[in-house]
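Below is one structure, written out as structure tokens; comments come after it.
The values are calculated or read from the model by the stated rules, or taken from the named source; none is laboratory data. Quick caveat: nothing in here was measured; it's all calculated off a predicted structure. Please note: Cβ atoms are built from the backbone with ideal geometry, for glycine as well, and neighbour counts cover all protein chains shown.
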């Protein structure tokens, strides 16, 4: 039976962004609007419905949002306090990281989708020709590949994945490997926005991701604020930028 086909760069991006949006949706769904603890009568009803021993009913607790009614059973590893608004922000921070990973992966995947045609061209981009290759790389190709171009492609892909980054300048460098020039100018034109807007916004997103990933999102003595609405807007911008990149770089 044939295996599943490899997803395209755009398909993989959509999957990765969906993961980020799921984290945001989970943070929204778990926002507790219940101020008081579970009432005694409700504990009795829930305890009976869940077949909880009567003596354990006082340990029952709940969380209620617009979407969910969550019951914490006796001995639960999580408590309602573990899912307070402050701690749920960790989901939002990880959504920012996932959104940046989606951009980075898309750029590397799209470059590799284009690489086969580029390697068959007589005139190859100078940036591609400047990629380094060690003696070890050359020996690997000689010893392990009958079709040397397949070996070369593998070496190139390793370098492409190493170079990949959500930073707009690095994305431009990455796409220059397959002969794309003035990429951000074209992206802004396609989006109908002023010059440098896309890369400026992406630089902001990239810097926030770095603050989260490398500094725990620290801002002074505490953590920087982050909201559901802020992250939803960020992911919308990520999607719009990659949509334009996709259309400008498709083979």
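Consider residue 175 against the criteria (1) under 18 Å from the mean Cα position of the chain (by Cα); (2) in contact (Cβ under 8 Å) with a residue 40 or more places away in the chain; (3) assigned to a helix (DSSP H, G or I): it satisfies all of them except one. Which criterion is unmet?
(1)
Criterion first (within 29 Å of the chain's Cα centre (by Cα), in a helix (DSSP H, G or I) and at pLDDT below 95) does residue 81 satisfy it?
yes
Residues in region 196-203: is at least one within 21 Å of residue 23 (Cα to Cα), at pLDDT 95 or above and out of contact with any strand residue (DSSP E or B) (no Cβ under 9 Å at 6 or more places or on another chain)?
yes
Surrounded by 13 or more Cβ atoms within 10 Å (Cβ to Cβ), touching a strand residue (DSSP E or B) at 6+ places or on another chain (Cβ under 8 Å) and on the phi < 0 side of the Ramachandran plot: does that describe residue 26?
Spelling it out, it is not the case that residue 26 is surrounded by 13 or more Cβ atoms within 10 Å (Cβ to Cβ), touching a strand residue (DSSP E or B) at 6+ places or on another chain (Cβ under 8 Å) and on the phi < 0 side of the Ramachandran plot.
Is it true that some residue in region 138-156 is touching a helix residue (DSSP H, G or I) at 6+ places or on another chain (Cβ under 8 Å), within 26 Å of residue 243 (Cα to Cα) and either surrounded by fewer than 18 Cβ atoms within 10 Å (Cβ to Cβ) or at pLDDT 95 or above (or both)?
Checked against the condition, which is being touching a helix residue (DSSP H, G or I) at 6+ places or on another chain (Cβ under 8 Å), within 26 Å of residue 243 (Cα to Cα) and either surrounded by fewer than 18 Cβ atoms within 10 Å (Cβ to Cβ) or at pLDDT 95 or above (or both), region 138-156 yields no hits at all.
Within region 112-119, identify whether any single residue is closer than 20 Å to residue 18 by Cβ, in a helix (DSSP H, G or I) and either at pLDDT 95 or above or not assigned by TED's automatic domain parsing to the domain that holds residue 212 (or both), and answer yes or no.
No, region 112-119 contains no residue that is closer than 20 Å to residue 18 by Cβ, in a helix (DSSP H, G or I) and either at pLDDT 95 or above or not assigned by TED's automatic domain parsing to the domain that holds residue 212 (or both).
Could you check how many residues of region 84-103 are closer than 18 Å to residue 173 by Cα and surrounded by fewer than 21 Cβ atoms within 10 Å (Cβ to Cβ)?
Looking only at that region, the number is 1.
If a residue must be without any contact (Cβ under 8 Å) to a residue 60 or more places away in the chain, within 17 Å of the chain's Cα centre (by Cα) and not in a helix (DSSP H, G or I), how many such residues does region 217-251 contain?
0
Where residues in region 66-75 are over 30 Å from the mean Cα position of the chain (by Cα) and assigned to a loop (DSSP other than H, G, I, E, B), which of them is surrounded by the fewest Cβ atoms within 10 Å (Cβ to Cβ)?
Taking the candidates together, the pick is 75.
Please indicate, with yes or no, whether at least one residue in region 132-149 is within 29 Å of the chain's Cα centre (by Cα), within 30 Å of residue 250 (Cα to Cα) and part of a helix (DSSP H, G or I).
Within region 132-149 (the criterion being within 29 Å of the chain's Cα centre (by Cα), within 30 Å of residue 250 (Cα to Cα) and part of a helix (DSSP H, G or I)), the answer is no, since none of the residues qualifies.
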